[in-house]
Amino acid sequence: MNIGVVGLGLIGGSLAKTIKLHTAHTVYGCDLNPQTILQATLLEAIDGEMTDETLRTCDLVLVALYPQGIIDWITGHARLFKPGALIIDCGGVKQVICDAIAPMARASAWRFIGGHPMAGREFSGFKYARDNLFDNASMILTPMGDEDPALLQQAQSFFLDLGFRQVRFTTPANHDEMIAFTSQLAHIVSSAYVKCPRAEQHRGFSAGSFADMTRVARLSEDMWTELFFDNRDALLPEVEGLVERLAAYRDALRDNDREGMRHLLREGREIKERLDAAQ
């Protein structure tokens, strides 16, 4: 199978490397940076650059760009897709992408499924791409409901072959609601936490807790701003809910309410224990 990977950053680069490691597929890659194409070729992460000509031969195209970039790239290249080709995006939000692309796919000979590999690092760029980034990770796919079951099985099998632990199917709306909590809120919390003036003096006083809380503050502000506002309706209630919950801890401290604090901490511990037991 010929596979095209659009955007050879952390996710796209890791996908290309993983495909080459686990399969015999031919991989073509494209990126705005010519040096990235050269590096990916020299490291054998891709078999060659994806041109208009090679794109026409691709059976599967994985688009790993920012959300608007995904929409723009697919829209601009739709006429070049091979009839029957499957296009899967790898964006961090789904509703805005699926709303833009799914109607186009329905009117064309190619097919589309929204996707989101649940893996990442606090660094970006091809030099941080790894061929084991997706080991034991989840791949989320968001079909629109009218796809051929064989197409969904094909996509599921492909990602499982790459080392993903599971493939989860859900709706674009449910994906965005869950990601607002599990990913986007965590990045906001980390960014806000590290702004404490005492962060500059943490050395010698910090261990795993500080490292865990601050890890994802090292983010791409351009990408995450786009993701936050593309998912504003789902993310805003999560932020407001967190502020409300934090206020309860603040109030217990302010009111010297030790029993209240003990209750809050016990609630949190019990929830975490239930989550761990369910894994």
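The values are calculated or read from the model by the stated rules, or taken from the named source; none is laboratory data. Here the structure is a predicted model, which means the values were calculated and not measured. For neighbour counting, all protein chains shown are included, and Cβ atoms are generated from backbone atoms with ideal geometry for every residue, glycine included. Surface areas here come from the heavy atoms of the whole protein model, side chains and all, with no ligands, DNA or RNA. Shrake-Rupley method; radii C 1.70, N 1.55, O 1.52, S 1.80 Å.
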Note, the range 45-58: 3J(HN,Hα) by Karplus (6.51, -1.76, 1.60, θ = phi - 60°), whole Hz, Gly/Pro = x, goes 7, 9, 8, x, 6, 7, 9, 4, 5, 6, 4, 5, 9, 6
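Rounded to the nearest 5, what is the percent of antiparallel bridges among the DSSP beta bridges in the chain? Provide the component values of the computation, followed by the final result.
On the way: 5 of 27 bridges.
Restricted to the chain, the bridges split so that about 20 percent are antiparallel.
Leaving out ligands and nucleic acids, and using a 1.4 Å probe, what accessible area per residue does the range 104-175 come to in Å²? Don't jump to the answer; show the numbers that get you there.
Details: 3440 Å² over 72 residues.
Ligands and nucleic acids excluded, the figure is 48 Å² per residue.
In what sequence, highest mean first, do 48-60, 84-96 appear when ranked by Cβ atoms within 10 angstrom?
84-96, 48-60
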If amide H atoms are built 1.01 Å from N in the plane of the peptide, which residues on other chains or at least 5 residues away come under 5 Å of the amide H of F169? L141
Got the relative contact order for the range 127-278 handy, in percent, Cα pairs under 8 Å and 6 or more residues apart? 19
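Counting only complete DSSP H runs, which helices of the chain cover 24 Å or more along their long axis at the Cα atoms and score a mean Kyte-Doolittle of -1.0 or above?
Values: long enough: 232-254 (32 Å, -0.18); 258-278 (30 Å, -1.26).
Helices meeting the span and hydropathy rule in the chain are 232-254.
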Whole-angstrom gap from the range 119-170 to the range 1-57, using each part's C-alpha centre: 16
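May I ask what percent, to the nearest 5, of DSSP beta bridges between residues of the range 78-214 are antiparallel?
Numbers: 5 of 12 bridges.
In the range 78-214, DSSP labels about 40 percent of beta bridges as antiparallel.
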Residue among N132, T142, A173 farthest towards the positive dipole end of the range 63-184, charges placed on Cβ: N132
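What's the ranking of 250-259, 179-188 by average number of surrounding C-beta atoms within 10 Å, highest first? Provide the component values of the computation, followed by the final result.
Working: 250-259: 11.0, 179-188: 17.7.
Highest mean packing first, the order is 179-188, 250-259.
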To the nearest 0.05, what FRET efficiency results for A24 and R106 with a Förster distance of 51 Å applied to their C-beta separation? 0.95
Placing +1 on each Lys and Arg Cβ and -1 on each Asp and Glu Cβ in the chain, then taking the dipole about the Cα centre, the residue among A186, A24, I88 whose Cα reaches farthest towards the positive end is A186
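If each DSSP helix of 4+ residues adds -39,500 (n - 2.57) and the sum is divided by the residues in the chain, what number results at 222 nm, nearest 500 deg cm²/dmol?
It comes out at -15500 deg cm²/dmol, rounded to the nearest 500.
Work out the length of the dipole vector of the chain about its Cα centre, built from +1 on the beta-carbon of each Lys and Arg and -1 on the beta-carbon of each Asp and Glu, and round it to the nearest 20 debye. Before the final figure, lay out the partial values.
Working: 28 positive and 37 negative charges, 141 e Å.
With only Lys, Arg, Asp and Glu charged at Cβ, the dipole is about 680 debye.
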Relative contact order for the chain, counting Cα pairs under 8 Å that sit 6 or more residues apart, in percent: 16
Using 7 Å Cα-to-Cβ label points, what is the R203/N256 separation (nm, one decimal)? 4.0
Accessible carbon and sulfur surface of the chain relative to its total accessible area, %, 1.4 Å: 53
Computed over the range 57-118, the relative contact order (Cα-Cα under 8 Å, seq sep at least six) in percent reads 38
Part-to-part distance (alpha-carbon centres) for the range 62-98 and the range 207-264, which is given in Å: 32
How much accessible surface area, in Å² rounded to 10, belongs to the heavy atoms of D161 with a 1.4 Å probe? 100
If I model the range 165-248 as equal point scatterers sitting on the Cα atoms and use the Debye formula, what is log10 I(q)/I(0) at q = 0.11, 0.13, 0.22 Å⁻¹? -0.38, -0.52, -1.12
Sequence order, the range 212-217: Karplus ³J(HN,Hα) from phi using 6.51 cos²θ - 1.76 cosθ + 1.60, θ = phi - 60°, Hz rounded, Gly and Pro as x, gives 5, 6, 9, 4, 8, 5
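Would you please put 204-211, 24-31 in order of how densely packed they are, using the mean number of other Cβ atoms within 10 angstrom per residue and starting with the highest? It would help to have the intermediate numbers written out before the result.
Details: 204-211: 9.4, 24-31: 20.4.
Sorting 204-211, 24-31 by mean packing, highest first, produces 24-31, 204-211.
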